[in-house]
């Protein structure tokens, strides 16, 4: 059975769903990278599965340019995500 290597999740109304329930479900499914994206708080948190649990592997907020797994060579401009039509 093939495992997914990456998942991103917009922050739910109940943060414990993303930080407890989804962590467990995705870890059991072998999802190696997991991002939590909060468009209201303008933050992104990245986690990598290691030894059956997710460990923080990066984060960013507001106007940051980040590099997050599984894309270590890709500069991700967060302002372009939060405000894609503002130039």
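A short reminder: the numbers here are calculations on the coordinates, not readings from a lab. Predicted model, so just to flag it, every value in this text is computed and none were measured. Neighbour counts run over all protein chains shown; Cβ positions are idealised from the backbone, glycine included.
Among 19, 62, 32, what is the fewest-to-most ranking by other Cβ atoms within 10 Å? Before the final figure, lay out each step's value.
Working: 19 15, 62 10, 32 18.
Result, fewest neighbours first: 62, 19, 32.
For a footprinting-style exposure proxy, rank 85, 14 by other Cβ within 10 Å, fewest first. Write down the numbers at each step before the final one.
On the way: 85 5, 14 10.
Least crowded to most crowded, the residues run 85, 14.
Got the relative contact order for the range 6-82 handy, in percent, Cα pairs under 8 Å and 6 or more residues apart? All intermediate terms of the calculation are to be shown ahead of the outcome.
Details: 125 pairs, mean separation 17.2, N = 77.
That works out to 22 percent.
Within 10 Å of each residue's Cβ, count the other Cβ atoms and sort 47, 23, 83, 71 from fewest upward.
Values: 47 25, 23 19, 83 10, 71 13.
Neighbour counts put them in this order, fewest first: 83, 71, 23, 47.
Over the alpha-carbon set of the range 6-82, divide Rg by the Kirkwood Rh and report the Rg/Rh ratio to two decimals. Mind dumping the intermediate values first?
Values: Rg = 12.1 Å, Rh = 12.6 Å.
That ratio equals 0.96.
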